[in-house]
Amino acid sequence: MKFLNKLIATVLISLVGCIFVSCSDIIGYSVVLWNVPELELADGTIVPVYLKSNISKVYVITTPNSEQKVEVPLWKLSEPQSKKRAQATALSYAEYQGRYALCILDGLPIRQETKNTSRQVYRLRKGEIIRVLRKGTGDIPTNGTKALEGEWLRVLASDGTAGWCFSHNLELFAMNTDGTFEAGSNAEVQVADELLEKVLATKWYPDYYATMIRKKQIDLKYMKTSYGFDTGSYSGTISLVMDDVNLSYPYSGLTRSSSSIYKFNDTPLQMTIRNADSIIVKYTTPEGMAKSQNFITISDDIGTLIAEEKNRRLEVYNTFQKLGPVYTSSNYGQLTFTGNGSFRWRGYDVLVPSVIRQGLSGEGSIEVKYFLPSSLEGAWDGILTFYFNGYDEVNFLYKKEANGFRMCAARVTTTTDMMTGRDNTNISQSSSAQVIVFHN
């Protein structure tokens, strides 16, 4: 009985502890020290912290706008503490909420304490941006004869180093939650100019290239080394080349209409810089239609990707030829891979006219140009496109087997995306389609 009472008492104490201390998985609360634009998190915001990873160097938090857990770099948040202490920390930074500073002197030191003889913990580069946290008091530096104008500021560098910096060679400005700067500030102008310089020196590719590369489905119709956007920073001639457009204009310079939008002078082209790896180009087609295209940077060599895809397609055909080249079926005749991408098919009458049009010679070429949809993976290896008489297209799903392969007619439908102008291909297998078995 005593044991039972003790057990009940222990459970009650635990429950009370959960009520007043919280049994959630929150390890503490942190103050956002530097804007996190992608999460719409402004500095000064207090967020719950669920995990600290010293390996990945991130905190796992939730934001006021979402209950989904996300990662934020350690240096952008204060150390987790109780909610009451986090509120006190945020209050101490409130005077300088949203305030950042541009360094205007190369080598300006950030010091451990508020005096000019204190140890340097960081040296700023000219043009570097830091976060201003709060004001402090200390010894005022001199230029040798008189005290400098300014005050000691607690600051945070973008590598997470915190310390004290005298403001005489700092230019303070406001940063918005989305990471943009107050219009007209030297910081806004300088960062925009630096970003523009990088953008102009970059080769830009259509954004759909990234999807092709990620899926390992290189469509040779829409990926070419010539496609892309050339800013003409060296030639003085801007060019935009896509499957449906080929524009080229000499230009005399750029005019900035906002912090991120630039007009190429004497041309109908306009560029919006989203970030160092993404831009949007607006242009007018020769028919007078206004269009836009997203462009991105690509680390892969486009020429190499195209060559590899061509080799992959050729290898599919060559494998059939090497294992055959003659394949026979009791119901569907004899199929020969005659080399150089060609075929000869005799005795396929059962497939006429439901699959193959009547009156064709039974000879032509084979291409591997379509990609198997995920819904058919496993059941089939790929798609062979037969061109009878050089132009009649008939598509077959295929699956290699130990002593040959089997095929099934594929239904291929193509629609044009009115927004992009590119073809969207849908591939399916009819439930009533005949399965063709060939043996070598």
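The values are calculated or read from the model by the stated rules, or taken from the named source; none is laboratory data. Computed from a prediction, not measured in an experiment: that's the story for all the values here. Reconstructed Cβ throughout: ideal geometry from the backbone, glycine too, with neighbour counts over all protein chains shown. Keep in mind that these areas ignore ligands, DNA and RNA; they rest on the heavy atoms of the full protein, side chains included. Shrake-Rupley method; radii C 1.70, N 1.55, O 1.52, S 1.80 Å.
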Förster radius 41 Å - calculated FRET efficiency between N426 and S248 (Cβ-Cβ, nearest 0.05):
0.70
Taking a crude spin-label model, label points 7 Å out from Cα along the C-beta direction, the T237 to R411 distance in nm is 4.9 nm
What is the magnitude of the charge dipole of the range 216-311 about its Cα centre, with +1 placed on the Cβ of each Lys and Arg, -1 on the Cβ of each Asp and Glu, and no other charges, expressed in debye to the nearest 20?
320 debye
Proximal charge balance of D139 [Cβ under 12 Å; K/R count +1, D/E count -1]:
0
For the range 277-282, take each phi angle, set θ = phi - 60°, evaluate the Karplus expression 6.51 cos²θ - 1.76 cosθ + 1.60, and give the result in whole Hz per residue in order, putting x for glycine and proline.
10, 8, 9, 10, 10, 9
Can you tell me, using C-alpha contacts under 8 Å and at least 6 residues apart, the relative contact order of the chain as a whole percent?
7 percent
Give me the distance in nm between label points sitting 7 Å out from Cα along the Cα-to-Cβ direction at K69 and S354, one decimal.
5.5 nm
What angle, in degrees between 0 and 90 and rounded to the nearest 10, separates the Cα long axis of helix 2-17 from the longest principal axis of the Cα atoms of the chain?
90 degrees
Only Cα pairs within less than 10 Å get springs; with that Gaussian network setup on the chain, which residue of G228, G378, G179 has the largest fluctuation?
G378
Any idea what the dipole of the chain comes to, in debye rounded to 20, about its Cα centre with Lys/Arg Cβ at +1 and Asp/Glu Cβ at -1?
1380 debye
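Where does the charge balance sit around Y59 when Lys and Arg score +1, Asp and Glu -1, over other residues with C-beta under 12 Å from its C-beta? The partial results should precede the final answer.
Values: positive: K52, K57, K69, K76; negative: E71, E79.
Here the count lands on +2.
Just the number, please: carbon plus sulfur as a percent of the accessible area of the chain, 1.4 Å probe, no ligands or DNA/RNA counted. Can you show the working numbers first?
On the way: 12120 of 24080 Å².
Answer for the chain: carbon and sulfur cover 50 percent of the accessible area.
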Expressed in angstrom and rounded, the centroid-to-centroid distance over alpha carbons for the range 99-113 and the range 116-157 is 6 Å
Could you name the lysines in cross-link range of K146, using Cα to Cα under 26 Å and dropping any fewer than eight places away on the same chain?
K115, K126, K135
Provide the gained length on full extension for the span A307 to Y391, in nm with one decimal, where the gain is 0.36 nm per separating residue minus the Cα-Cα distance.
27.8 nm
Only Cα pairs within less than 10 Å get springs; with that Gaussian network setup on the chain, which residue of L153, L360, L254 has the largest fluctuation?
L360
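Skip the ligands, DNA and RNA, and give the accessible area per residue of the range 281-416 with a 1.4 Å probe, whole Å². Write down the numbers at each step before the final one.
Values: 6960 Å² over 136 residues.
The answer is 51 Å² per residue.
When the Kirkwood radius is taken over all Cα pairs of the range 350-423, what Stokes-Einstein diffusion coefficient follows at 37 °C and 0.692 mPa s, in µm²/s?
Details: Rh = 13.9 Å.
After rounding, the answer is 236 µm²/s.
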Build a GNM of the chain with springs between Cα atoms under 10 Å: which of E38, E367, E197 gets the top mean-square fluctuation?
E38
Can you tell me the relative contact order of the range 287-409? Whole percent, Cα pairs under 8 Å, sequence separation 6 or more.
15 percent
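Calculate, in nm to one decimal, what T137 and E363 gain on full extension: separation in residues at 0.36 nm each, minus their alpha carbon distance.
Working: separation 226, 0.36 × 226 = 81.36 nm, distance 8.93 nm.
Using 0.36 nm per residue and subtracting the Cα-Cα distance, I get 72.4 nm.
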Based solely on C-alpha atoms, express the radius of gyration and the Dmax of the chain in angstrom.
32.8, 105
Sites matching trypsin sites (Lys or Arg not before Pro) across the range 83-140 that sit in DSSP coil, with at most 16 neighbouring C-beta atoms within 10 Å
K115, R119, R125, K126
If I model a spin label at S118 and D277 as a point 7 Å from the Cα along the Cα→Cβ vector, what separation in nanometres do I get?
3.7 nm
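List the GluC sites (Glu not before Pro) within the range 216-313 that fall in a DSSP loop (any state other than H, G, I, E or B) and whose Cβ has at most 16 other Cβ atoms within 10 Å. Show your work: numbers first, answer last.
Details: sites: E287, E308, E309; in loops: E287.
Here the sparse-neighbourhood loop sites are E287.
Estimate the FRET efficiency between T285 and V435 by the formula 1/(1 + (r/R0)^6), using the beta-carbon distance for r and 45 Å for R0, to the nearest 0.05. Mind showing how you got there, number by number?
Details: r = 46 Å, r/R0 = 1.03.
E between T285 and V435, to the nearest 0.05, is 0.45.
Mind checking the full-extension length gain between K126 and L105? Use 0.36 nm per residue of separation minus the Cα-Cα distance, one decimal, nm. Before the final figure, lay out each step's value.
Values: separation 21, 0.36 × 21 = 7.56 nm, distance 0.51 nm.
Result for the pair: 7.1 nm of gain on full extension.
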Please give the Cα centre distance for the range 317-375 versus the range 261-314, rounded to the nearest Å.
38 Å
